[in-house]
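Sharing a structure, written as structure tokens. Questions coming.
The values are calculated or read from the model by the stated rules, or taken from the named source; none is laboratory data. These figures come from a predicted structure and were not determined experimentally. No Cβ is skipped: glycine too gets one built from the backbone with ideal geometry, and neighbour counts run over all protein chains shown. Side chains included, ligands, DNA and RNA excluded: accessible areas come from the protein's heavy atoms. Shrake-Rupley method; radii C 1.70, N 1.55, O 1.52, S 1.80 Å.
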Amino acid sequence: MKKIAILGSTGSIGTQTLEIVRQNEDLQVVALAAGSNVARMEEQIREFRPWVAAMWSEEACKDLKARVADTGVRICCGMEGLLEIAAMEGMEVLVTAIVGMIGIRPTIAAIENGKTIALANKETLVTAGHIIMPLAAKHKVSILPVDSEHSAIFQSMNGERKERISKLLLTASGGPFRGRGKEELKDMRAEDALKHPNWAMGKKITIDSATMVNKGLEVMEAKWLFGMDLDRIEVVVHPQSVIHSMVEYADGAVMAQLGVPDMKLPIAYALFYPDRRPMDGKKLDFFTLGRMTFEKPDLETFAGLGLAFQAARAGGSMPTVYNAANEMAVGLFLENKIGFLQIPELIAACMEQHKVMADPSVEEILQAEQEAYEYIRREID
């Protein structure tokens with residue numbers, strides 16, 4: 001019986017992870033954590049009976065305690081609760097599916113306690129890869145990617161020698177606005193950007209896909225996860241989202257992982273690695289697919305992707321500023337307080353005024369995050 005904990009259990013990745021648990025009796029959920037969705041967390045507790053559950057806000061925590069008082073499940077709160085879950089005895093795999101930089105400290109705690117990390121929290125490596133990867137190596141902890149693109153690369157590297165890799169090819173759907181120019185995007189609102197053509201995801205990541213910032217974050221994540229120079233990471237727009245990413249080798253061979261757009265595949269691969277399990281659901285049908293196409297990304301219209309490469313090259317605290325500025329700008333866009341094209345504009349403005357810290361500690365990373373938030377608040381007010 002493999003014992004897992006899920007940080008972000010009420011979100012898109014978390015709920016799909018629980019679908020996989022339902023289909024596999026040798027998986028046991030021992031801990032769950034979420035932000036504020038008390039009703040869904042109560043349902044999950046009653047179904048999966050974890051040892052511990054945590055909510056981010058004190059109000060949600062108090063509400064949940066009252067609702068599940070009859071279950072005997074212990075309820076904890078905030079960062080203290082996340083850290084307790086990350087280090088808890090008996091838990092083997094931590095699925096980090098929470099959104100934001102609150103994922104950094106629990107991931108560190110889990111690594112220090114020898115837990116395998118099923119990584120779905122981009123911010124952890126984007127902002128703290130220089131801390132996380134050496135720590136994982138020190139403690140001999142596996143970090144298994146849950147993002148479909150990084151899982152595809154991981155699968156395409158199996159059995160191959162890393163020194164023979166020429167480059168990583170990250171595929172991107174292009175999002176709902178692929179092929180449109182800046183003039184067409186000026187008046188786009190949140191409801192337009194949330195209509196992703198292929199994937200069913202949370203609101204924030206769907207907006208990030210529309211701006212292609214999501215692909216920029218994945219570039220930075222791939223740099224740390226696979227120890228690859230930025231010059232050897234390339235983004236390829238592939239609208240059908242069938243090839244999830246590729247690896248090119250020194251002899252010109254390209255290995256790719258293909259499948260229908262379904263996040264349960266990379267989640268299951270991380271949970272059962274190196275095994276593969278049968279999965280219900282639609283399988284790839286090449287005859288129905290008919291064709292696959294590829295395009296270069298439009299860096300002028302989707303400036304967020306180019307800014308990601310700039311942030312990654314600057315290094316240090318700059319990726320944190322990129323991520324934090326985007327996070328806040330997306331929130332403002334979802335509230336209809338700024339336009340779609342203002343998202344990369346705010347990111348660029350934040351990056352321009354930031355003085356890079358070369359090798360930031362966790363505290364300095366969080367400080368850079370807050371400074372980016374404050375800068376945007378001043379710009380918008």
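With touching a helix residue (DSSP H, G or I) at 6+ places or on another chain (Cβ under 9 Å), among the charged types (D, E, K, R) and modelled with pLDDT of 95 or more as the only criterion, which of 300, 295, 363, 345 stands out? I'd like the intermediate steps shown before the answer.
Working: 300 fails: modelled with pLDDT of 95 or more; 295 fails: touching a helix residue (DSSP H, G or I) at 6+ places or on another chain (Cβ under 9 Å); 363 fails: touching a helix residue (DSSP H, G or I) at 6+ places or on another chain (Cβ under 9 Å).
That would be 345, the only listed residue that is touching a helix residue (DSSP H, G or I) at 6+ places or on another chain (Cβ under 9 Å), among the charged types (D, E, K, R) and modelled with pLDDT of 95 or more.
The rows are residues; the columns are (1) open to solvent by 50 Å² or more (accessible area, probe 1.4 Å); (2) under 15 Å from residue 124 (Cα atoms); (3) of a type in the set (Val, Ile, Thr).
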{"residue": "316", "(1), (2), (3)": "no, yes, no"}
{"residue": "320", "(1), (2), (3)": "no, yes, yes"}
{"residue": "323", "(1), (2), (3)": "no, yes, no"}
{"residue": "336", "(1), (2), (3)": "yes, no, no"}
{"residue": "339", "(1), (2), (3)": "no, no, no"}
{"residue": "342", "(1), (2), (3)": "yes, no, no"}
{"residue": "349", "(1), (2), (3)": "no, no, no"}
{"residue": "371", "(1), (2), (3)": "yes, no, no"}
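Is there a residue being of a type in the set (A, V, I, L, M, F, W, C) and in contact with an Asp or Glu (Cβ under 7 Å, 6 or more places away or on another chain) anywhere in segment 362-378?
Of all residues in segment 362-378, those of a type in the set (A, V, I, L, M, F, W, C) come to 362, 365-366, 368, 372, 376.
Then drop every residue that is not in contact with an Asp or Glu (Cβ under 7 Å, 6 or more places away or on another chain), which leaves none.
So far as segment 362-378 goes, no, none of its residues is of a type in the set (A, V, I, L, M, F, W, C) and in contact with an Asp or Glu (Cβ under 7 Å, 6 or more places away or on another chain).
Condition test on residue 171, is it touching a strand residue (DSSP E or B) at 6+ places or on another chain (Cβ under 8 Å) and either farther than 25 Å from residue 9 by Cα or touching a residue at least 12 places away in the same chain (Cβ under 8 Å) (or both)? First the steps, then the outcome.
Working: touching a strand residue (DSSP E or B) at 6+ places or on another chain (Cβ under 8 Å): yes; either farther than 25 Å from residue 9 by Cα or touching a residue at least 12 places away in the same chain (Cβ under 8 Å) (or both): yes.
Yes; evaluated as a whole, the condition is true for this residue.
Next up: Could you list all residues from segment 256-312 that are open to solvent by 50 Å² or more (accessible area, probe 1.4 Å), under 19 Å from residue 214 (Cβ atoms) and part of a helix (DSSP H, G or I)?
265, 310
Among (1) at pLDDT below 95; (2) at positive phi, there is one condition residue 114 misses while meeting the rest; what is its number?
Checking residue 114 against (1) at pLDDT below 95; (2) at positive phi, the one that fails is (1).
Which of the residues belonging to segment 10-39 are more than 18 Å from the chain's Cα centre (by Cα), buried (at least 18 other Cβ atoms within 10 Å of the Cβ) and touching a residue at least 60 places away in the same chain (Cβ under 8 Å)?
Passing the criteria: 20, 27, 30, 31.
Answer yes if at least one residue in segment 120-135 is out of contact with any strand residue (DSSP E or B) (no Cβ under 7 Å at 6 or more places or on another chain) and either free of Cβ contacts under 8 Å to residues at least 24 places away in the same chain or of a type in the set (Lys, Arg) (or both), and no otherwise.
Looking for residues that are out of contact with any strand residue (DSSP E or B) (no Cβ under 7 Å at 6 or more places or on another chain) and either free of Cβ contacts under 8 Å to residues at least 24 places away in the same chain or of a type in the set (Lys, Arg) (or both), one finds at least one in segment 120-135, hence yes.
Oh, and also: Restricting to segment 181-223, name every residue that is over 11 Å from residue 340 (Cα atoms), out of contact with any strand residue (DSSP E or B) (no Cβ under 9 Å at 6 or more places or on another chain), touching a residue at least 40 places away in the same chain (Cβ under 8 Å) and open to solvent by 10 Å² or more (accessible area, probe 1.4 Å).
181, 197, 198, 199, 200, 201, 202, 203, 204, 205
Assess whether residue 136 counts as being part of a helix (DSSP H, G or I) and under 20 Å from the mean Cα position of the chain (by Cα).
Working: part of a helix (DSSP H, G or I): yes; under 20 Å from the mean Cα position of the chain (by Cα): yes.
Judged against the criteria, residue 136 is a match.
Taking segment 19-45 on its own, how many of its residues are assigned to a helix (DSSP H, G or I) and farther than 14 Å from residue 2 by Cβ?
Going through segment 19-45, the residues assigned to a helix (DSSP H, G or I) turn out to be 19-23, 38-45.
Then keep just the ones that are farther than 14 Å from residue 2 by Cβ; that gives 19, 22, 38-45.
Looking only at that region, the number is 10.
For every residue, the table says whether it meets (1) on the phi < 0 side of the Ramachandran plot; (2) assigned to a helix (DSSP H, G or I); (3) of a type in the set (Asp, Glu).
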| site | (1), (2), (3) |
| --- | --- |
| 174 | no, no, no |
| 184 | yes, yes, yes |
| 197 | yes, no, no |
| 205 | yes, yes, no |
| 224 | yes, yes, no |
| 227 | no, no, no |
| 235 | yes, no, no |
| 239 | yes, no, no |
